[in-house]
1. Here is a list: SER105, SER177. Which entry is among the hydroxyl-bearing types (Ser, Thr, Tyr), more than 28 Å from ASP234 (Cα to Cα) and within 24 Å of the chain's Cα centre (by Cα)?
2. If a residue must be within 23 Å of ALA205 (Cβ to Cβ) and either aliphatic (A, V, I, L, M) or touching a helix residue (DSSP H, G or I) at 6+ places or on another chain (Cβ under 6 Å) (or both), how many such residues does region 366-384 contain?
3. Kindly list the number of the only condition in (1) surrounded by 15 or more Cβ atoms within 10 Å (Cβ to Cβ); (2) of a type outside the set (Phe, Trp, Tyr); (3) within 8 Å of the ligand (Cβ to nearest atom) that fails for ILE29.
4. Do we have any residue at all in region 19-26 that's surrounded by fewer than 18 Cβ atoms within 10 Å (Cβ to Cβ), at pLDDT 95 or above and within 20 Å of ASP245 (Cα to Cα)?
5. Out of (1) away from the ligand (no atom under 16 Å from the Cβ); (2) under 18 Å from LYS314 (Cβ atoms), the odd one out for GLY344 is which?
6. With the checklist (1) within 16 Å of the chain's Cα centre (by Cα); (2) assigned to a strand (DSSP E or B) in hand, flag the one item LYS190 doesn't pass.
7. Examine region 213-224 for a residue that is touching a Leu at 6+ places or on another chain (Cβ under 8 Å) and part of a helix (DSSP H, G or I), and state whether such a residue exists.
8. When you scan region 80-89, do you find a residue that is without any contact (Cβ under 8 Å) to a residue 60 or more places away in the chain, within 26 Å of SER177 (Cα to Cα) and either open to solvent by less than 50 Å² (accessible area, probe 1.4 Å) or among the β-branched types (Val, Ile, Thr) (or both), even just one?
Amino acid sequence: MNGIIFFNPRSGQYNRRIPLSILQVVASIQGKYPYVIIDGNFEKDPWIKIENYLKSGEFSYFASTVMPGPQLKQAIPITKKIKELYPSVINIWGGYFASNHARTSILSGYMDYIIKGPGDYAFPKLLDALSSNYPPDEIENLIYIKAGEIVSTLKAEIPDQDILPPLPYAEINKFYSIRNYIGKTFLGSKTFAYHSSMGCPFTCAFCGIVPIFNARWKAKSAAKMYNDIRHLKDQYGINAIEFFDNNFFVSEKRVAEFSSLMVKEGINWWGESRIDTMNKYSDKTLSLMREAGCRMIFFGAESGNDELLNKMDKGGTQTSKLIKSFAARMKNFGIIPEYSFILGFPAETPQKVMKQIDDDIEFIKEIKEINPSTEIIIYIFSPVPTESSELLSQSQNLGFRFPQNLDDWLEPEWEKFDTHNNPLTPWLTSEMVEKIHNFETVLNGFYPTVSDYKLVPLQRKMIKTLSLFRYKNNIFAFPYEIKILQKFWLKYRRPEVEGFYME
Ligand code: B12
């Protein structure tokens, strides 16, 4: 009896992306420990299955992945209940929330160990130590309590991604048909998720991955990726891929090599990049990427305010001028730029906070003038626990504090915080948040996203016509007519919270 219950908490209403976080950890213990997988996205009440497994007495470990936001609503109460009802079971958390809020999490007493960062080596080593009763002190990426003190072991190098064991797709099929995780998006009828690299070479002060990877990045080779994707195509008929990497396009050489391999595969793909990185790509590489199926790329544009870009340590050579010129350049290659903006940064006075918001609204409209096909994603700034950044210290000077108790994260205001929807930071008034949301409504009315492919041309035309006067004249207040149509007629789906619309 040393079975593991792996848990992927529900992450919203619609999400059915394959839980790569869990699958990659499963791969690290494949054949060594018995296990079951529970995906909260497919369970009305996951506790029923979890308790049945626990009652069997065959399971010693509960291992959950925990991202910020909705996943906490299942991860916290279930982990707490296991500790209360099955105290001999060892609870282990991993993932971005557990890593970034390790102290608050481990002090809750609900989990025994936290894996901070990649778990590919740390997790199997921890199980080996626990099942052979030797201390886990030498195991890297580990956080736990010992003699009342929090122990945080050394941070390990990012594993070589090419030598990691293959993901056990056939295994998850035993628990949930893999067909559940393959769906129609605007990219293709059989869209699947793939992760080819860990980390990111940059240290943007608003990004939750920085405290974990500190500007380190490691990736699979183009050949390895291509072979994996060929396998998915042959095995499951995949014709579209969402690359879930934090920064897929770091290396032009890797992307060019991969693209030349993908040219004849008829697979469309999407991934995340930086504007200044990709602006260094040659026209030849950008054309090859398009030919190879690259349809849209997510870019962290963040703001048209150069002072803010500096304050958020965006680094590199990203400026408002480059953000604009790059949007124009992308028109030549038929690849849709998906620009993500963050509004609502702290500033000395409310007037300055509102001016930053107004300026970025104007900047976004300018980008749409330059390249109307640019997709716009809008988030509202919510601080992340970086070691130290001007942005975090300014936020704290203005009174911002993270919850001190794990259960506090279950309060509704903190879920909205995590989803960057309405973070209620001390410098943001409801009037400011409303303005951002109302602008977003009018913008999405005038320029509905291509990713919501269920919209028919007539619907797009009508909502655009209806939004024209407001959009052109910056009349964003109380856009109820657009909201009602988006909600009840279009059932409009924005990609921000749960990814691209998938059927
Ligand atoms: C897929 C994804 C989603 C999917 C859901 C995935 C799911 N689990 O069901 C969707 C689209 C729903 C989603 C939503 C959100 N997401 Co998201 N998401 C991702 C993404 C792109 C990929 C995650 C993944 O599969 N990675 C691949 C795996 C292999 O890597 P990994 O998760 O790091 O796992 C390794 C380690 O972390 C560790 N580990 C992880 N879990 C566990 C568990 C155990 C037991 C152990 C031992 C180890 C372990 O070991 C693994 C192997 O090394 C990441 C970015 C990224 N590249 O990771 C963002 C990311 C996790 N998301 C993020 C955010 C902010 C959100 C949202 C809050 C955004 C929003 N505004 O609403 C929402 C949350 C709302 C919601 N609906 O849940 C942030 C979190 C940053 C932070 N502040 O902590 C990330 C990092 C993106 C970013 N760069 O900012 N997301």
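1. Criteria check complete, one pass: SER105.
2. The qualifying residues number 8.
3. (3)
4. Within region 19-26, one or more residues are surrounded by fewer than 18 Cβ atoms within 10 Å (Cβ to Cβ), at pLDDT 95 or above and within 20 Å of ASP245 (Cα to Cα).
5. (1)
6. Every listed condition holds for LYS190 apart from (1).
7. yes
8. no
The values are calculated or read from the model by the stated rules, or taken from the named source; none is laboratory data. From a predicted model like this one, the values you see are computed outputs, not experimental measurements. Using ideal geometry, Cβ is built from the backbone for each residue, glycine included, and neighbour counts are taken over all protein chains shown. Remember, those area values only see protein heavy atoms, side chains included, never the ligands or the DNA or RNA. Shrake-Rupley method; radii C 1.70, N 1.55, O 1.52, S 1.80 Å.
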